[in-house]
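Engineer: Take a look at the following structure, please.
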Amino acid sequence: MLDAKGNLIGLAFDGNWESMSSDVMFEPALQRCICVDIRYVLWLVEKYGKATNIINEITYAK
């Protein structure tokens, strides 16, 4: 998931088949997607993955 400025703000990790066509046409009654906030993903990478080297290489937007 990207914001209006192109910054990564989350990851889509599950959705229904209808959400795959959202690049072509959006139907709010059918399309569903489950997303996770990128801050939670980064926390998991740092705390549980012990991958602080990855966290240190990331440039954060304000």
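Engineer: Quickly run through segment 48-62 and pick out the residues that are part of a loop (DSSP other than H, G, I, E, B), of a type in the set (D, E, K, R) and modelled with pLDDT of 90 or more.
Structural biologist: K50
Engineer: Kindly establish whether V45 is part of a strand (DSSP E or B) and either at pLDDT below 85 or out of contact with any Lys or Arg (no Cβ under 9 Å at 6 or more places or on another chain) (or both).
Structural biologist: No, not satisfied.
Engineer: Among the residues of segment 25-42, count how many are at pLDDT 90 or above, over 19 Å from A4 (Cβ atoms) and of a type in the set (D, E).
Structural biologist: Narrowing segment 25-42 to residues at pLDDT 90 or above: 36-42.
Now drop any that are not over 19 Å from A4 (Cβ atoms), which leaves 36, 40-42.
Of the ones still in play, those that are also of a type in the set (D, E) are none.
So the answer is 0.
The values are calculated or read from the model by the stated rules, or taken from the named source; none is laboratory data. Only a predicted model underlies this, so the values are computations on that prediction, with no experimental measurement involved. As a convention, Cβ positions derive from the backbone with ideal geometry for all residues, glycine included, and neighbour counts pool all protein chains shown.
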